[in-house]
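The values are calculated or read from the model by the stated rules, or taken from the named source; none is laboratory data. The structure presented is a predicted model; accordingly, all values stated were derived computationally and were not measured. Glycine gets a Cβ as well: all are built from the backbone with ideal geometry, and neighbour counts include every protein chain shown.
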Amino acid sequence: MRTFRAPGRANLIGEHTDHTDGLVLPAAIDRAVTLEADLGGPAIVLRSAQADGEVVVAADGSQVPADGWGRFVAAVAAELDAAGREPIGLRGQLASDLPQGSGLSSSAALEVVVATALCAAAEFELPPLELAALCRRAEYRAVGVPSGIMDQAASLVGRAGHGVLLDCGVLTYEHVLLPEDHVLLLIDTGVRRQLETSGYAQRSDELQAALPALGGRRPAEVDVGDLDRVLRGVDAIPARRLRHVVTENARVLAAAAAFEAHDLAAIGELFAASHASLRDDYEVTIPELDALVDLAGEAGATAARMTGAGFGGAIVALAPAAEADRIGDEVEEAYRRRFPDHTPMVLRCLAADGAGEVT
Ligand code: GLA
C-alpha cells in the first residue's frame, strides 16, 4: 500500500490572470486529498470517504463516468495515456480534508493526487509544471471549464511557508517567503458554486473580446500607465475585464516585492485593491464575499480578499498568528448575524509543500 497526497491551494493574489498567461501568487495549503492505493492491474478502482459507491475506469481513461468525480479520474488517466504513460491501474481509497466548492481547488487536488499515483504506478515521470498543464487539460476534458494552470501548479510546486510566484505564460516560478508570524485564514461564505455553472467561462469570453486591442501582447506585458490609451475603442464590458487583468498582474509583482520586504501595510493595500478590482471591473464577487473582506479588516486582519474564481466560495486573510483565532471567531459571528441563512466556515491554514508520495 502506498500513500499519495495533493494539497489544495489558496490564491494570495493574481485572480483571473492565469487563463491569459499572466502572473499569480498562490500557496499550497495544509489541507489535501490523500490516496492510499495498491498500484497495478488493468483498471483504476477508487472509493472515496466523501462519496458513496466506487469509480471504475480503464487505466487508459476510456469508460468515462457520466457524472460525478469519476469524470476527473478518467480525464487524468486519458491525458496521461495521450502523454505516453503505460496503462497500469490501481485500487485505492481517497480521503480529503478540503472543503468542496469553497474555491480551495478540491478538484485540482483530486486530479493531481490521481495523476501522481498513476505516474508512480507506471514509473512515468513528467516535470511538475508539465504535469500541472496535463491536469489542467484533464479539468477541461472532464467538465469543459477553460480554467488556467494555477490550481494544479500550486498543488504540485508549493513549498511550506512560501507562496509560489508563477508566470503562467513562460511557465517559470519562484518561491516567495510569507511572513512567519502570520497564518492564512480561509473564511467560506457558505455560498456554494461550481465552476461548471458559474460565470467563469462567460467572464473569460468577455476578456477575450478585449485582447485584440493588445496587438499580440499578453495582458501581463501592458503597462498600467498605458491602459487608458490601450482601452480606447474597446467596448465597455471587455474593457473592464481587461483593466482588471492588467492591473492585477501589476499587483502580483508588487505583492511579491512587498512580501520580500516584509511590508505588511503594502500587502494589505494590494489585497484590498485586488478585491475592489474583482468586485468592480471583473465583477465576480458577491455581497457575502465583500462583507467577509470588510469584517476581516475590522477584526484586525493584515490583508484580506476573495480567493479563487468568485461567485461564492471563500476569502483569504493574512492574520497575525497570535490573533488569528480571535479574528476568525469575530468575523464568523458578525457574518452569521448579517447572513443568518448562510453557514460560514473558518479554516486556519499554513502554506504547505506540494504534492507527492507520503513516506
Ligand atoms: C479558478 C480556476 C483558476 C483561476 C481562478 C481565478 O480557481 O481554476 O485557474 O482562473 O479560478 O483566479
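Any residue at all in segment 81-103 that is closer than 30 Å to residue 286 by Cβ, of a type in the set (Lys, Arg) and more than 13 Å from the ligand (Cβ to nearest atom)?
no
Which number in (1) within 16 Å of the ligand (Cβ to nearest atom); (2) assigned by TED's automatic domain parsing to the domain that holds residue 264; (3) assigned to a helix (DSSP H, G or I) marks the one condition that residue 229 misses?
Of (1) within 16 Å of the ligand (Cβ to nearest atom); (2) assigned by TED's automatic domain parsing to the domain that holds residue 264; (3) assigned to a helix (DSSP H, G or I), only one is false for residue 229: (1).
Does residue 127 satisfy being over 19 Å from residue 144 (Cα atoms) and surrounded by fewer than 24 Cβ atoms within 10 Å (Cβ to Cβ)?
yes
So, residue 164, is that one modelled with pLDDT under 95, in contact with a helix residue (DSSP H, G or I) (Cβ under 8 Å, 6 or more places away or on another chain) and within 14 Å of the ligand (Cβ to nearest atom) or not?
No; evaluated as a whole, the condition is false for this residue.
Of the conditions (1) touching a Phe, Trp or Tyr at 6+ places or on another chain (Cβ under 7 Å); (2) small (Gly, Ala, Ser); (3) buried (at least 23 other Cβ atoms within 10 Å of the Cβ); (4) more than 30 Å from residue 242 (Cα to Cα), residue 107 satisfies every one except a single condition; which number is it?
Of everything listed in (1) touching a Phe, Trp or Tyr at 6+ places or on another chain (Cβ under 7 Å); (2) small (Gly, Ala, Ser); (3) buried (at least 23 other Cβ atoms within 10 Å of the Cβ); (4) more than 30 Å from residue 242 (Cα to Cα), residue 107 misses just condition (4).
Having 1 or more residues that are polar (S, T, N, Q) is the bar; report the helices (runs of 4 or more DSSP H) wholly within segment 232-304 that clear it.
236-260, 264-280
Residues of segment 104-154 being away from the ligand (no atom under 16 Å from the Cβ) and in contact with a Lys or Arg (Cβ under 8 Å, 6 or more places away or on another chain), which ones?
Passing the criteria: 113, 117, 118, 119, 120, 122, 124.
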